[in-house]
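Q: One structure, as C-alpha cells, below. Some questions next.
The values are calculated or read from the model by the stated rules, or taken from the named source; none is laboratory data. Treat the numbers as computed from the prediction; the structure is a model and nothing was measured. Please note: Cβ atoms are built from the backbone with ideal geometry, for glycine as well, and neighbour counts cover all protein chains shown.
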Amino acid sequence: MANLFDPIPPEITAEIIQVLLSTGIFRLERIVSAGQATPPGEWYDQDTHEWVALLSGGAGLRFEDEAEPRVLSPGDYLLIPAHRRHRVEWTDPETPTVWLALHYPENRGQLSAISFQPKD
C-alpha cells in the first residue's frame, strides 16, 4: 500500500516524477511540483494523450492555441490530446502541487473523457 501524498520532501528543488504503474498500453505518474514551470519559449509536444488531475496545490496550464492559461485547482482534471502543444506556466510555490498523469497511445478513434455535472 502507498499514499499519493507521502513522502513529499519538505523542500523540492526540481519536479518529482514517479511512475506508479506502467503497462504496454499506459503509464500512470505522480508528479510533484513546487513553483516549477516549463522554461520560457518551450512547449511540450507529446506522442501520447495525457489525462491530468490536480490533487493539491495549484497550476496554470496553457495551450499554444489559447491566449491565457487554464487555472487548475484541487479536483480539476483535463485531457491533453497527443501533439497539442502545451506548457505549465506556473505551479504553487507554497503548497506542493500533486498531479496524477495518465499517458496512453494516440489512436484513430474518437477521444473523449467523462464530464461530471453537479446535481442540484
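Yes or no, residue by residue, for (1) under 21 Å from Val71 (Cβ atoms); (2) not in a loop (DSSP other than H, G, I, E, B):
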{"position": "Ile8", "(1), (2)": "no, no"}
{"position": "Leu21", "(1), (2)": "no, yes"}
{"position": "Ile25", "(1), (2)": "no, no"}
{"position": "Gly35", "(1), (2)": "yes, no"}
{"position": "Pro39", "(1), (2)": "yes, no"}
{"position": "Glu42", "(1), (2)": "yes, no"}
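Q: Assuming Glu29 fulfils every condition listed in (1) part of a strand (DSSP E or B); (2) of a type in the set (Asp, Glu); (3) at pLDDT below 95 apart from one, which condition is it?
A: Only one criterion in (1) part of a strand (DSSP E or B); (2) of a type in the set (Asp, Glu); (3) at pLDDT below 95 is unmet by Glu29, namely (3).
Q: Please tell me if Val71 is loosely packed, with under 15 Cβ neighbours inside 10 Å and part of a strand (DSSP E or B).
A: yes
Quick grid of which residues meet (1) surrounded by fewer than 17 Cβ atoms within 10 Å (Cβ to Cβ); (2) not β-branched (Val, Ile, Thr):
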position	(1), (2)
Gln36	no, yes
Pro40	yes, yes
Ala53	yes, yes
Ser56	no, yes
Ala67	yes, yes
Ala82	yes, yes
Val88	no, no
Thr95	yes, no
Tyr104	yes, yes
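Q: Which is out of contact with any His (no Cβ under 7 Å at 6 or more places or on another chain), part of a loop (DSSP other than H, G, I, E, B), farther than 18 Å from Ile8 by Cβ and at pLDDT below 95, of Pro118, Pro93?
A: Pro118
Q: Considering only segment 28-53, state which residues are closer than 16 Å to Ala14 by Cβ and in contact (Cβ under 8 Å) with a residue 12 or more places away in the chain.
A: Matches in segment 28-53: Glu29, Arg30, Ile31, Val32, Ser33, Ala34, Gly35, Gln36, Ala37, Thr38, Glu42.
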